[in-house]
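Visitor: Questions regarding the structure given below will be posed in turn.
Every number here is computed from the coordinates shown, using simple stated rules; none is lab data. Worth saying up front: this structure is predicted, and the values here are computed from it rather than measured. Every residue, glycine as well, gets a Cβ built from its backbone with ideal geometry; the counts of neighbours run over all protein chains shown.
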Amino acid sequence: MSTESCCGGNKLALVFASMLLRLWLAMRAIQTGIEKYAGSKASQEAVNIDGAANSYGLTASASVKQYALENYHGVPQALMEKFKAEPLMSEAMLRLYDRVLGPALIVLGVTILLGIASRASLFLLGLLYISLTWGLILIKQDEGVAWLGVHMIMVVMALVLAEHNRFTLLKKW
Amino acid sequence: MKMETSVISRRDFIGKAAGGIGAGLVLGAPNILRAAQGEASDKIHVALVGFGKQGKVLFDAMSNIPGLHFQAVCDIWDYNLKGGIAKVRALQGHTPKGYADIDEMLATEKGLDAAIVATPDFWHSPHTVKCLEAGLHVYCEKMMANTIEGARAMVRAMEKTGKLCQIGHQRRSNPRYRFTLEQLIKGNRICGQIVNINGQWNRAVSSSQDIGYNPKLAIKPEVLARYGFKDMHQFMNWRTYRDLSGGPISDLGAHQIDIFNWFLGVPPKSVFASGGNDYFKTREHFDNVMTIFDYETPQGGVRAFYQVLTTTSAGGGYYESFMGTEATIQISERSAFTNIYRESSAPSWDGLVSRGFLKRQAAAPKAQSADAIASYESAAPEAYALPGDLSKPPHQPHLENFFDAVRGKAALTCDARHAFESEAPIYWVNPSALSRQPINLTAEHLSV
C-alpha cells in the first residue's frame, strides 16, 4: 500500500465525514425550526357503523398535524412559563429570543446545507446551542443540557473538518 | 317567518288509563309528534325570555345554529337583561329590543316566530302559554312547571294553538342517547331483559350553596313582588322554595327520570320516596331524596332507583344505569360517566364491535385479592364504550331539532305532550317523600 493511496483514501474519508456532519447538523436545525410552526387541527368525523357514516351524529375526534405561521412558538409554552419565573432571565429578551429562535435555526440550517460561509454558520449555530444550554441550566433540565452537549461536540467536529468541505456555494468564512 | 301548524288530535290518547298513557312512549316519539308545516325561510325571529344562568347556556348553544335572529330579550333583572342584550349584539352585530315584562314584549314585538323560555320553574307555564297564545312556537326549559296543573295547561295550550312546544329534556335529541336506545337496547337488545335501573345525580355541598348577589344590583322590592318573589334571596335561589320549584328531584332528577320512562316506553305504576333536610336545615325542599319507581314492561317488572344528593359528590357523578340480564348500559350526558358492561354469560359482541356498534375497552386487571371468596363472586363483566360522542354543546341538538321543526323539516323529539307523560310521575315524588307513603300512579295522576 503506497503512501499516496493511503493519504488519498484518508482524504476521501474526511470529505465524507465532513459531508455527513454537515447534512446531519443542517437537517437537525432546519426541521427543528420548521417544527416550531407545527400545530394540530382537531376535527370531528362521523363514526362508521356497518360501513357507512352513522345517521345519529355520533362523531370521533381526529387530530391532523399542520404547519402554519400562526402556529409559531419559538420557546414551548410550558418552558416559557418556567423561564419567566427565572430572575436572571429578562422577559424582553425572552420574547425576542422566542421570535428569533425558529427562523434562526432554519436560516443557519440552510446555510450549512448549501455551504454558505460554513465556518461562520457553524460557529453561530454553536452559539445558538450555547444559549439554549444556558436556559436549560437555569431550569435544571440536566438531560437537555447533556443532549445539547452532544450537539456541541458535533458542531466542533464539523468545524475541525471544515477544510474538507466540498460542494459549497460560498467558501469564504 | 310565518307559518301555521297542523294539529293531530290525541283525544283518544288522553282518555286512556295509565297503561295507555305510556303508548306514546312505547310507540316512540317521532311517530306521533308533530312538525310545523310550511316552507322554510331565511331567518327565524326569536325572543329570549329569561336570561339567567340557563338562558345563557341555551343562548351559547344557539349561537352555533345558523339562521336565527334574536329580536328581543326579556328579563326582569336589569343586570341579566343588559348582559343578554350585550351577548346578542356581540353575536349578530346589532342590538335586540330589551324588555322587563313579557306582556309588553308580546304586545310590542311584531314578526316573532319563537320564544325560548328559561325563567324560573313557576313561570314556565304562564310564560309558555302566553307565548303559544301569541302565536309563537316555544322551547321551554324543563321542568315544565312547578305544579302538575301548570304542566297540564302547557299541553292544552300547545294542542289548542297548534304551535310547537318543545320541552328542554335535551337528552332526547342527544345522538348518544338516541343511538343507545334505538340500536343497542331495541335494535340489538344487548341488555337482554332489563330488570333494574339505577340513576343518580350527586352534587357536593360546595356546589349546592345559596347563590349570592351584589346588593347594588338588587331588584326593587315592588318589582320582585310583582313577579312572585318575596325578596332578592328568593329570586336568586328560587330552586330551594316549594312554591317556586320542585326542588332537586325536579331540577336534577327530571332529566334522568325522563330517560327511565323514555327508554322503558311505559310510565311507572308506583313511586315511593324518602327525603330529608340532612345538611341544609332551613331549605324548604329536601336536600337529599331517594326514590323507587315500579314499572311493568312487556318484558317483565323493573324497579328503578334514583337518588339526588346535594350534599356529597361521591359515587361517580350523574348517570342512568340500565341493568339487564346480559348487559348494563350506564349512560350519562357526560361521556366520561358512560360505560357498557357485558355479562360473562352473554353472547359474544365481537360482531357488534367489528360492525362499529361498540368499542371494546381495555380489560381491567384481574384482582388477586385474599378477601375474595370464589363462590360469592360473579365473573367480572367486560367493558365496552359507545362508538362515538357528541361534538357539540349538549343542548344544541335539542335546539336544532326545535328550529328544524319550526322550519317544517323535523318532528319534535320532546313536545309538551310527551314531556308531560314522562314528567308526570316526578310530580308525585315529593308528595310520597313528605307523606312517607308509596303512591300508586293511576290515570288521574298521570294524564292531562
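Visitor: Which whole-number percentage describes the relative contact order of segment B:35-175, with Cα contacts under 8 Å and a sequence gap of 6 or more?
Guide: Working: 234 pairs, mean separation 30.5, N = 141.
Relative contact order, segment B:35-175: 22 percent.
Visitor: So if I restrict to the alpha-carbon atoms in segment A:96-160, what is the Rg, and what is Dmax, the biggest pairwise distance, in Å?
Guide: Answer for segment A:96-160, Rg first and Dmax second: 12.2, 36 Å.
Visitor: Taking the Cα centre of each part, how many Å lie between segment B:121-164 and segment B:273-294?
Guide: Each part's Cα centre sits 28 Å from the other's.
Visitor: Also, quick follow-up: Taking 35 Å as R0, compute the FRET efficiency from the Cβ-Cβ separation of B:Glu149 and A:His73 and round it to 0.05. Spell out each step's value before the answer.
Guide: Values: r = 61 Å, r/R0 = 1.73.
Rounded to the nearest 0.05, the efficiency is 0.05.
Visitor: Ok, one more. Among B:Thr413, B:Phe357, B:Ala370, whose Cα projects farthest towards the positive end of the dipole of segment B:357-430, with charges put on the beta-carbon of Lys, Arg (+1) and Asp, Glu (-1)?
Guide: It is B:Phe357, whose Cα lies furthest towards the positive end.
Visitor: Find the Rg to Rh ratio for chain B, where Rh is the Kirkwood radius over alpha-carbon pairs and Rg uses the same atoms.
Guide: On the way: Rg = 22.5 Å, Rh = 23.0 Å.
Radius of gyration over Kirkwood radius for chain B works out to 0.98.
Visitor: Hey, got the dipole for the protein assembly as shown? About the Cα centre, +1 on K and R Cβ, -1 on D and E Cβ, debye to the nearest 20? Could the numbers behind the result be given before it?
Guide: Working: 62 positive and 56 negative charges, 293 e Å.
Dipole of the protein assembly as shown, to the nearest 20 debye: 1400 debye.
Visitor: So which residue, out of A:Thr133, A:Thr59, A:Thr32, gets the largest mean-square fluctuation from a GNM of chain A using Cα contacts under 10 Å as springs?
Guide: In the Gaussian network model the winner is A:Thr59.
Visitor: Here's a follow-up. Under a Cβ-only charge scheme (Lys and Arg +1, Asp and Glu -1), can you give me the dipole magnitude of chain B about the Cα centre, in debye to the nearest 20? Mind dumping the intermediate values first?
Guide: Numbers: 47 positive and 44 negative charges, 114 e Å.
The calculation lands at about 540 debye.
Visitor: Where both partners of a DSSP beta bridge lie in chain A, what percent of those bridges are antiparallel, to the nearest 5?
Guide: On the way: 11 of 12 bridges.
Restricted to chain A, the bridges split so that about 90 percent are antiparallel.
Visitor: Taking neighbour counts of Cβ atoms within 10 Å as a proxy for exposure, in what order, fewest first, do B:Tyr306, B:Tyr319, A:Tyr97, B:Tyr376 appear?
Guide: Ascending number of Cβ neighbours within 10 Å: B:Tyr376, A:Tyr97, B:Tyr319, B:Tyr306.
Visitor: Next question, about the same structure. Need one number: % antiparallel among DSSP beta bridges in chain B, to the nearest 5.
Guide: The answer is about 60 percent antiparallel.
Visitor: When the Cα centres of segment A:18-89 and segment A:91-154 are compared, how far apart do they sit, in Å?
Guide: Segment A:18-89 and segment A:91-154 have Cα centres separated by 21 Å.
Visitor: Just going by the charge dipole of chain A, with Lys and Arg at +1 and Asp and Glu at -1 on Cβ, which of A:Leu101, A:Ser55, A:Phe167 is farthest out on the positive end?
Guide: The Cα lying farthest towards the positive end belongs to A:Phe167.
Visitor: To continue, here is another question. So which lysines can B:Lys409 reach, going by Cα to Cα under 20 Å and dropping same-chain residues fewer than 8 places off?
Guide: B:Lys2, B:Lys43, B:Lys163
Visitor: Work out the mean other chain Cβ neighbour count within 10 Å for the residues of A:46-53 and drop it here as an integer. The partial results should precede the final answer.
Guide: On the way: counts 2, 9, 4, 9, 3, 2, 1, 0.
Partner-chain Cβ atoms within 10 Å, mean over residues of A:46-53: 4.
Visitor: Sticking with this one: Given the options B:Arg226, B:Arg242, B:Arg303, which has the most mean-square fluctuation in a GNM of chain B, springs set between C-alpha atoms less than 10 angstrom apart?
Guide: Most flexible of the set in this elastic network: B:Arg226.
Visitor: Share of antiparallel DSSP beta bridges in the protein assembly as shown, in percent to the nearest 5? Mind showing how you got there, number by number?
Guide: Values: 53 of 81 bridges.
Among the beta bridges of the protein assembly as shown, antiparallel pairing accounts for roughly 65 percent.
Visitor: If you don't mind, there's one more thing I want to ask. Taking chain A as a Gaussian network, Cα atoms linked when under 10 Å apart, which of A:Ser131, A:Ser40, A:Ser121 shows the biggest mean-square fluctuation?
Guide: Of A:Ser131, A:Ser40, A:Ser121, the most mobile in the Gaussian network model is A:Ser40.
Visitor: Another question about this same structure. Evaluate the charge dipole of chain A about its Cα centre and quote only its size in Debye, nearest 20, assuming +1 on the Cβ of each Lys and Arg and -1 on the Cβ of each Asp and Glu.
Guide: The calculated dipole for chain A is roughly 620 debye.
Visitor: Of B:Lys130/B:Lys220; A:Lys41/B:Lys97; B:Lys87/B:Lys220; B:Lys82/B:Lys110, which pairs sit farther than 28 Å apart, going by alpha carbon to alpha carbon? Let's see the in-between values first.
Guide: On the way: B:Lys130/B:Lys220 25 Å; A:Lys41/B:Lys97 39 Å; B:Lys87/B:Lys220 24 Å; B:Lys82/B:Lys110 21 Å.
Cα-Cα > 28 Å for A:Lys41/B:Lys97; rest within.
Visitor: Let me know the longest stretch in chain A that avoids all trypsin sites (Lys or Arg not before Pro) found in a DSSP loop with at most 15 other C-beta atoms within 10 Å. Mind dumping the intermediate values first?
Guide: Values: sites that count: A:Lys140, A:Arg166, A:Lys171, A:Lys172.
For trypsin sites (Lys or Arg not before Pro) (loop position, at most 15 other Cβ atoms within 10 Å), the longest site-free span of chain A is A:1-139.
Visitor: Here's a follow-up. For an R0 of 45 angstrom, estimate the FRET efficiency from the Cβ-Cβ distance between B:Ser274 and B:Gln299 and round to the nearest 0.05.
Guide: Details: r = 28 Å, r/R0 = 0.62.
Efficiency, from the Cβ-Cβ distance: 0.95.
Visitor: Between B:Leu434 and B:Thr95, what is the label-point separation in nm under the 7 Å Cα-to-beta-carbon projection?
Guide: Distance between label points: 4.6 nm.
Visitor: Remind me, relative contact order of chain B in percent, using alpha carbon pairs under 8 angstrom and six or more residues apart?
Guide: Contact order relative to length: 22 percent.
Visitor: Tell me the mean residue ellipticity at 222 nm calculated for the protein assembly as shown from its helices only (DSSP H runs of n ≥ 4, each -39500 (n - 2.57), averaged over every residue, nearest 500). Before the final figure, lay out the partial values.
Guide: Working: 24 runs with 250 residues, N = 621.
That comes out to -12000 deg cm²/dmol.
Visitor: Turning to a different aspect of this structure: Once the piece of chain linking B:Ala218 and B:Ser63 is laid out straight, how much longer is it, given 0.36 nm per residue of separation minus the C-alpha distance between them?
Guide: Between B:Ala218 and B:Ser63, full extension yields 52.9 nm more.
Visitor: Shifting gears a bit: Could you pull out the trypsin sites (Lys or Arg not before Pro) across segment B:52-150 that fall in loop regions by DSSP (anything but H, G, I, E, B) with no more than 15 other Cβ atoms inside 10 Å?
Guide: Values: sites: B:Lys53, B:Lys56, B:Lys82, B:Lys87, B:Arg89, B:Lys97, B:Lys110, B:Lys130, B:Lys142; in loops: B:Lys110, B:Lys142.
Passing sites in segment B:52-150 are B:Lys110.
Visitor: Where a Cα-Cα gap under 28 Å defines reach, which lysines qualify for B:Lys281, not counting those fewer than 8 residues away within the same chain?
Guide: Correct list for B:Lys281: B:Lys53, B:Lys142, B:Lys230.
Visitor: Another question, then. In segment A:133-173, whose amide N lies under 13 Å from the spot 7 Å out along Cα-to-Cβ of A:Leu114? List them in ranges.
Guide: A:168-171
Visitor: Of B:Val302, B:Ile76, B:Phe59, which is farthest on the positive side of the dipole of chain B, counting Cα position, with +1 on Lys and Arg Cβ, -1 on Asp and Glu Cβ, and the Cα centre as origin?
Guide: Going by the charge dipole, the pick is B:Phe59.
Visitor: Using alpha carbons only, how many angstrom separate the centre of segment B:324-387 from the centre of segment B:47-92?
Guide: 43
Visitor: Further, regarding this structure: What residues qualify as long-range amide H neighbours of A:Gly74, i.e. H under 5 Å apart, gap of 5 or more or another chain, H built at 1.01 Å from N?
Guide: Correct list: empty.
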